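First comes the structure, then the notes that go with it.
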Amino acid sequence: PEAFCASPDPVTGCAGEQATFVDQRESDDDWGSAYASGALTTWMTASLGYDWYERKFDTTAVTPVGTFQDRVETQRFRPELRFFTPQGIFVRAGGSRYDQKVHQYDAYDPASASIVGDVNSEFWVADGAVGYRFPKRWGSFVIDARNVFNKKFEFYDRLVQERVVPARSIAARLEITY
């Protein structure tokens, strides 16, 4: 349940005011995932992944602009290719396609629930890596790039926001195995 007041302040909402009514909502979370990978040749592998997640909220999830997220549905498609050479050089190229639909309404006016707005976010994020595996598997050196094309996006799921870098990111990694 969420308490609301009759006359919310445009900046602070109902902070410090007496609640005049309560809005009761139910929640439901559903998800599914599929993944397949395999060797295409002795030097190349491919993988495909798909995730689907839907959440219907039972508590108020207020965004920074004061909207209540009624339902969020997120789909992610992840193709990837990996190449390996006998000399120890490897390359990884992949991407993730995100499709998200958010139903929302004004969090400070639950009576407007009949006026549900849809916000859609659809984008690709490309990732890649180039590396060298040391002889006798003593470790590797990898240059890893995330969000290669510096794709800007708007997203409503904290889990995705933590997983997808909203700006180009390039990192070098040295792993030593003994």
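Here, each number is a calculation from the coordinates, and none is a lab measurement. These numbers were taken from a predicted model, which means no experiment stands behind them. Neighbour counts run over all protein chains shown; Cβ positions are idealised from the backbone, glycine included.
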**Item:** Full-stretch length increase - SER121, ASN150 - with 0.36 nm per residue and alpha-carbon distance subtracted
**Value:** 8.8 nm
**Complete:** Stretched fully, the stretch from VAL142 through TRP52 gains (0.36 nm per residue minus C-alpha distance, one decimal, in nm) 29.3 nm
**Request:** Would you list, by chain and number, the lysines whose Cα falls below 19 Å from the Cα of LYS152, excluding same-chain residues fewer than 8 positions away?
**Result:** LYS101
**Request:** Note down the nm distance, to one decimal, between modelled labels 7 Å out along Cα→Cβ at TRP31 and at TYR132.
**Result:** 3.9 nm
